[in-house]
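Participant: Dumping the structure here so I can ask a few things about it.
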2 protein chains.
Amino acid sequence: MTKQRVIVFNTVKALGSHPTAFEIFERVRKELPGVSLSTVYRNLSILVDQGDILTVRGIGQEVHYDHNLHDHYHVQCRICGKVSDIHTDFIIPSCINPNNEEGYIIEDMLITLIGVCPECANRMKVEDEDA
Amino acid sequence: MTKQRVIVFNTVKALGSHPTAFEIFERVRKELPGVSLSTVYRNLSILVDQGDILTVRGIGQEVHYDHNLHDHYHVQCRICGKVSDIHTDFIIPSCINPNNEEGYIIEDMLITLIGVCPECANRMKVEDEDA
DNA sequence: CATTATATTCGGAATAGTTCCGATTACGAA
DNA sequence: TTCGTAATCGGAACTATTCCGAATATAATG
Ligand SMILES: [Mn+2]
Ligand SMILES: [Mn+2]
Ligand SMILES: [Zn+2]
Ligand SMILES: [Zn+2]
């Protein structure tokens with residue numbers, strides 16, 4: 001664990017809000033002004049491989065990082081791109097039956113709900129009223 | 001429907017195998033040698049907006065396109081990146097309860113299983129035996 | 001048919017996110 | 001201290017996608 005890796009890890013935890021690599025970079029920079037973006041990327045990828053953090057994918061091509069290792073699901077706003085944890089009474093089964101006709105060895109399951117966050121929904125409502 | 005759009009649409013159907021934009025471009029090119037990549041991208045995005053085709057996302061940053069509009073799920077091989085339809089006795093609920101504490105309006109659900117395809121599993125087994 | 005308006009195309013530049021690489025530096029073991 | 005390994009920095013390269021301006025096709029109108 002180098003100084004840089006510890007700070008990247010702590011920053012993911014501190015930010016909490018499913019930050020992107022660049023958002024993490026900008027924050028790490030405040031504590032470690034000379035850090036390079038490639039160092040942030042490399043350490044994020046090591047932390048993911050070690051199972052210390054998780055990745056979340058949605059619409060668009062940026063990866064979001066999550067310090068919360070508990071079994072939980074995400075929703076992304078299709079307007080502003082924000083990623084949030086989601087608590088719904090809809091239960092998503094977390095264990096996969098590995099039997100499938102295609103003969104794949106199944107290891108993981110990417111799930112992200114897509115929708116509109118309350119802030120964006122409200123902003124759109126106001127804009128409609130104004131028009 | 002321009003000539004280009006029809007050919008892009010038919011190519012997605014003809015390829016069948018969840019092709020990427022670039023794979024579609026390469027195939028469209030054979031029928032329409034002067035077509036530009038931007039035309040393929042624009043028409044794919046129009047076809048998606050019109051609901052004529054679907055997008056599939058997995059690991060990595062490329063989008064895959066699917067002509068099959070039926071409710072079905074996908075698995076991607078983490079080794080070779082191939083995307084396949086998956087038939088498993090594990091039932092994924094397709095209807096989402098919109099109630100959630102976060103107040104999101106939920107519109108869609110991205111689901112992709114991740115694993116190893118039979119070909120890659122076999123190749124890895126052979127490589128292990130050789131070593 | 002000629003004219004105009006609109007939509008679409010092509011080609012390439014620009015952008016965004018990420019990965020890679022070479023030279024330098026930090027760290028630990030011998 | 002010396003050596004070897006691993007990590008860092010900085011920037012170039014890469015990949016996927018979007019954007020833009022000029023040219024072209026299409027459709028509607030006179
Ligand atoms: Mn989370
Ligand atoms: Mn499919
Ligand atoms: Zn939003
Ligand atoms: Zn494979």
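Participant: Select, from A:I106, A:I96, A:I114, A:I79, the only residue that is more than 9 Å from every other protein chain (Cβ to nearest Cβ), modelled with pLDDT under 95 and not in a helix (DSSP H, G or I).
Facilitator: A:I79
Participant: Among residues belonging to region B:25-67 that are within 16 Å of ligand 2 (Cβ to nearest atom), assigned to a loop (DSSP other than H, G, I, E, B) and out of contact with any helix residue (DSSP H, G or I) (no Cβ under 9 Å at 6 or more places or on another chain), point out the one that is least open to solvent (accessible area, probe 1.4 Å).
Facilitator: B:G58
Participant: Further question on the same structure: Filter region B:21-77 down to residues that are among the charged types (D, E, K, R) and without any contact (Cβ under 8 Å) to a residue 12 or more places away in the chain and give me whichever is nearest to DNA strand D (Cβ to nearest atom).
Facilitator: My answer is B:R42.
Participant: Now for a different question. State whether the residues of region B:14-24 include one that is within 15 Å of DNA strand C (Cβ to nearest atom), surrounded by 14 or more Cβ atoms within 10 Å (Cβ to Cβ), more than 8 Å from every other protein chain (Cβ to nearest Cβ) and among the charged types (D, E, K, R).
Facilitator: For region B:14-24, residues within 15 Å of DNA strand C (Cβ to nearest atom), surrounded by 14 or more Cβ atoms within 10 Å (Cβ to Cβ), more than 8 Å from every other protein chain (Cβ to nearest Cβ) and among the charged types (D, E, K, R): absent.
Participant: Is it true that A:N10 is closer than 21 Å to A:L110 by Cβ and modelled with pLDDT of 95 or more?
Facilitator: No: the conditions fail for A:N10.
Participant: For region B:34-59, give me the residue count where each residue is closer than 19 Å to A:Q61 by Cα and among the small types (G, A, S).
Facilitator: 3
The values are calculated or read from the model by the stated rules, or taken from the named source; none is laboratory data. If you're wondering where the values come from, they're calculated on a predicted model, not measured in any experiment. No Cβ is skipped: glycine too gets one built from the backbone with ideal geometry, and neighbour counts run over all protein chains shown. Please note that ligands, DNA and RNA were not included when accessible areas were found on the heavy atoms of the full protein model with its side chains. Shrake-Rupley method; radii C 1.70, N 1.55, O 1.52, S 1.80 Å.
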